[in-house]
Amino acid sequence: MESTTPTGAPAVDPAHDASSDAASAEFDAVIAADGRIEPRDAMPDAYRKTLVRQMSQHANSEIIGMQPEGNWITRAPSLMRKAILMAKVQDEAGHGLYLYSAAETLGTSRAEMTDALLAGTARYSSIFNYPTPTWADMGAIGWLVDGAAIVNQVPLCRCSYGPYARAMVRICKEESFHQRQGFEILLTLSRGTAAQHEMAQDAVNRWYAPSLMMFGPPDADSSHSAQSMAWKIKRFSNDELRQRFVDMLVPQAEALGLTLPDEGLRWNEQRGHYDYGELDWAEFKAVLRGEGQCNAQRLTHRRRAHEDGAWVRAAASAYAAKQAAKDDARQEVSAA
Amino acid sequence: MTEQAVTQQAANGPATGTTSSPSSAVDRRDIAEYALRLGDDALVLAQRMGEWVSHAPELEEDVALTNIGLDLLGQARALLGYAGSLTGRTEDELAYFRSDLEFRCAHLMCLPRGDFAATIGRMLVVAAYQWELYERLSESADETLAGIAKKAVKEVAYHLEHARMWTLRLGDGTDESHRRIQVAIDDLWPLVDELFRTDDLEQRLATAGIAVDSSALRGPFDAVIDPILAEATLTRPDVPAAAGGGRHGRPSEHLGHLLAEMQVLARQFPGASW
Amino acid sequence: MSGSAGGGAAVDGTAGAGSAGGSADPGRSAVPEKAWPLWEVFIRPSRGLSHTHAGSLHAADATMAIANARDLYTRRAEGVSIWVVRSADLVASSPDEKDALFDPAGDKIYRYPTFFTASEGVPGL
């Protein structure tokens, strides 16, 4: 038996890197049998690194993703909407925490992941660098952004890494309400006054293409996809998921009474899918480079919250240490 | 009474429901005004808690503060819904289409969010006050108020515990945190007294067994707060009480700004559905 | 919500925030901050069931760990009781020992009622 924790940093042990042949064969066998890899199993170093990168990016996205919607909490137009929005943004914090928790099982601490995010060396989803100037953006984010996220996330519930898959099961369960509430916001606006309808259409116009780009570059240009699919971290390609999403959107847009801003959108009888127009990957790359409207703003916000909280975290640590010392002293007295 | 029943009853109001006051001598407008006072306290505080989202010192605390904000918002909706049912208005009409002069919240609720110490200091005071209040109000002769209070008392008990633990951590943590929480308590203390001032309306309702006499809560409040401050190595401020006036249409200077933000969208589209 | 979940939208490269790879690091003070310890959380979903591992979280002390677990893991009434334990205090078996620990149980078929067939059809057995 070892006393290393089941979730904390595994001891540096060659057996944990699947470099030894036996360990490597065992890892391959588990993956081939569609089994789950658990935290302290031997695994290839690259598998571990890929997972830490993906899970921390995913967690960072949830945390940064609180901002565009948090932007409307104090101005939500009804008390019910305010409550729903607060609960939703709170869920995002929760989902970020589930994911950081899952990532920590691979030996990377939350502090390291936070530092990387704040230093700008870790990624989060580019979609959150777009602004939310109107209330209708709350609807469009729910319907389109969360919609795309769910299409992405459902297959992750079967991801080969156990803690990630389990976190995703929980997240998917909780997140199905997010897309519905977004749809409901848009539907109410679409059926509201002319100005409200226009607000809804404008938001859909702005979020449609970015939400399609959330699935990542076309398969031909996607650098990590093949390996991730072989490891069963990823189950479907970027383009497969994007297609699934577009097919889902078309009838939903009709139900909303809103149009999708895509002239290339039409039913393809032969493929049994909707064709869609070229996406502006130059814009995608520009936002990725930091040229989106809110890149700097989002990180500054996060850094400030972290810095402003430093004295609070320090106080809690100091108090805990004092209490622990008192407990020790009490025990010594009672032992004597 | 379940939450649903409370909401339902608040929506129906005494005209159709089985509520409420045992005595027909009680003026429904008095009850509505009383519910507004409690509801506005909860609403304005919920708004301040909403300002914390994505700004908390740690992610776990972000989730915790939002939970508290959601509790307060739920209380506000139940109370405003009830006040509205007595006067023919909806919760949203009351929240979004009254001016600061028409709000009835205590000045303490309106203080800006401030740093984490200011938030914890206020939460401690308000939760201790609300806990004493709701515990007694859950015995109210007005079934709707009693139902709302029965649910709220469990929520504010949690808020009080959360605030108590953080007051201890900040007070007995580092020099910096001790300084900040003491400043926070000092700054808000002049506004504490207003919570415990009664008036004719409240006395009329208290006599009828409907409202709680605020002035009777001060002793029990002190008995809760003083030991917490002492354990946290904090000094209870000895400062003059501010004039207040929040319950009577003399609002805090901060309220207008808070409402400007909260109401801006709703007022751009009067009559719209969301 | 998450965009990069599929491993798509986020690709390797430099920072997305305009800072070219973290030369400045304003999130850190000169003295590195000591992070709150990690706790494992176990939730009893309802009376009659045992506690099940829900995940982990960070908290400065046990009281905070329980409170954080309540706010994080029971927002939708998922529990009636919470256990927390510092992750560092949890002792686990090693995957390297799993053959020695668990394989020997694999061939003890006489531990299962299905091994005993002579009593088939006899009432009450």
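Structure data summary
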quantity: 3 or more residues at pLDDT 95 or above and more than 25 Å from B:Asn67 (Cα to Cα): qualifying helices (runs of 4 or more DSSP H) within the range A:40-151; calculated: A:45-64, A:110-119
quantity: Pairs, first in contact (Cβ under 8 Å) with a residue 60 or more places away in the chain in the range A:184-201, second surrounded by fewer than 20 Cβ atoms within 10 Å (Cβ to Cβ) and part of a helix (DSSP H, G or I), C-beta under 6 Å, six or more apart; calculated: A:Ser190/A:His197
quantity: Subset of the range A:168-187 (residues that are more than 18 Å from the chain's Cα centre (by Cα), open to solvent by 10 Å² or more (accessible area, probe 1.4 Å) and either among the hydrophobic types (A, V, I, L, M, F, W, C) or within 8 Å of another protein chain (Cβ to nearest Cβ) (or both)); calculated: A:Phe183, A:Leu187
quantity: Residue satisfying all of: in the range C:76-125; hydroxyl-bearing (Ser, Thr, Tyr) and exposed (fewer than 10 other Cβ atoms within 10 Å of the Cβ); nearest to C:Ser50 (Cα to Cα) among these; calculated: C:Tyr112
quantity: Residue list for the range B:154-201, restricted to those being assigned to a loop (DSSP other than H, G, I, E, B), of a type in the set (D, E, K, R) and either under 15 Å from B:Ile120 (Cβ atoms) or open to solvent by less than 10 Å² (accessible area, probe 1.4 Å) (or both); calculated: B:Asp172
quantity: Positions within the range A:121-135 being among the small types (Gly, Ala, Ser) and facing chain C (nearest Cβ under 7 Å), in sequence order; calculated: A:Ser125, A:Ser126
quantity: Sole exception among (1) open to solvent by 10 Å² or more (accessible area, probe 1.4 Å); (2) more than 9 Å from every other protein chain (Cβ to nearest Cβ) for A:Ser223, by number; calculated: (2)
quantity: Candidate set: the range A:154-167, residues that are surrounded by 24 or more Cβ atoms within 10 Å (Cβ to Cβ) and in a helix (DSSP H, G or I); chosen: the one farthest from the other protein chains (Cβ to nearest Cβ); calculated: A:Tyr164
quantity: Verdict on A:Thr259 being under 25 Å from A:Ile64 (Cβ atoms) and open to solvent by 20 Å² or more (accessible area, probe 1.4 Å); calculated: no
quantity: Residue selected from the range C:49-86 under the condition in a strand (DSSP E or B) and touching a Lys or Arg at 6+ places or on another chain (Cβ under 7 Å), by the criterion nearest to the other protein chains (Cβ to nearest Cβ); calculated: C:His58
quantity: Residues that are more than 24 Å from A:Ile185 (Cβ to Cβ) and open to solvent by less than 50 Å² (accessible area, probe 1.4 Å), drawn from the range A:275-292; calculated: A:Asp275, A:Gly277, A:Leu279, A:Trp281, A:Phe284, A:Ala286, A:Val287, A:Leu288, A:Gly290
quantity: Total residues in the range B:208-224, condition in a helix (DSSP H, G or I) and either in contact with a Leu (Cβ under 9 Å, 6 or more places away or on another chain) or closer than 23 Å to B:Arg180 by Cα (or both); calculated: 6
quantity: Count of residues meeting criterion [of a type in the set (A, V, I, L, M, F, W, C), part of a helix (DSSP H, G or I), within 16 Å of the chain's Cα centre (by Cα) and more than 11 Å from chain A (Cβ to nearest Cβ)] in the range B:80-117; calculated: 4
quantity: Which numbered condition B:Pro227 fails, given (1) in a helix (DSSP H, G or I); (2) in contact (Cβ under 8 Å) with a residue 60 or more places away in the chain; (3) surrounded by fewer than 19 Cβ atoms within 10 Å (Cβ to Cβ); calculated: (2)
quantity: Matching residues, the range B:167-207, being within 17 Å of B:Asp226 (Cβ to Cβ), β-branched (Val, Ile, Thr) and within 12 Å of chain A (Cβ to nearest Cβ); calculated: B:Thr167, B:Ile181
quantity: The listed residue being touching a helix residue (DSSP H, G or I) at 6+ places or on another chain (Cβ under 8 Å), facing chain C (nearest Cβ under 8 Å) and farther than 22 Å from A:Ala148 by Cβ, out of A:Leu106, A:Leu118, A:Leu79; calculated: A:Leu118
quantity: Residues of the range A:303-336 that turn out to be of a type in the set (Lys, Arg) and under 27 Å from the mean Cα position of the chain (by Cα), as a count; calculated: 3
quantity: Conditions (1) out of contact with any Phe, Trp or Tyr (no Cβ under 6 Å at 6 or more places or on another chain); (2) in a helix (DSSP H, G or I); (3) surrounded by fewer than 20 Cβ atoms within 10 Å (Cβ to Cβ); number of the one not met by B:Gln263; calculated: (1)
quantity: Helices (runs of 4 or more DSSP H) contained entirely in the range A:240-336, each with at least 3 residues that are basic (Lys, Arg); calculated: A:295-308, A:310-335
quantity: Enumeration of residues in the range C:39-48 that are open to solvent by 30 Å² or more (accessible area, probe 1.4 Å) and part of a strand (DSSP E or B); calculated: C:Phe42, C:Arg44
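The values are calculated or read from the model by the stated rules, or taken from the named source; none is laboratory data. The shown structure was predicted, so the numbers you read here are calculated from the model rather than taken from an experiment. Glycine gets a Cβ as well: all are built from the backbone with ideal geometry, and neighbour counts include every protein chain shown. Note: areas computed on protein heavy atoms with side chains; ligands, DNA, RNA excluded. Shrake-Rupley method; radii C 1.70, N 1.55, O 1.52, S 1.80 Å.
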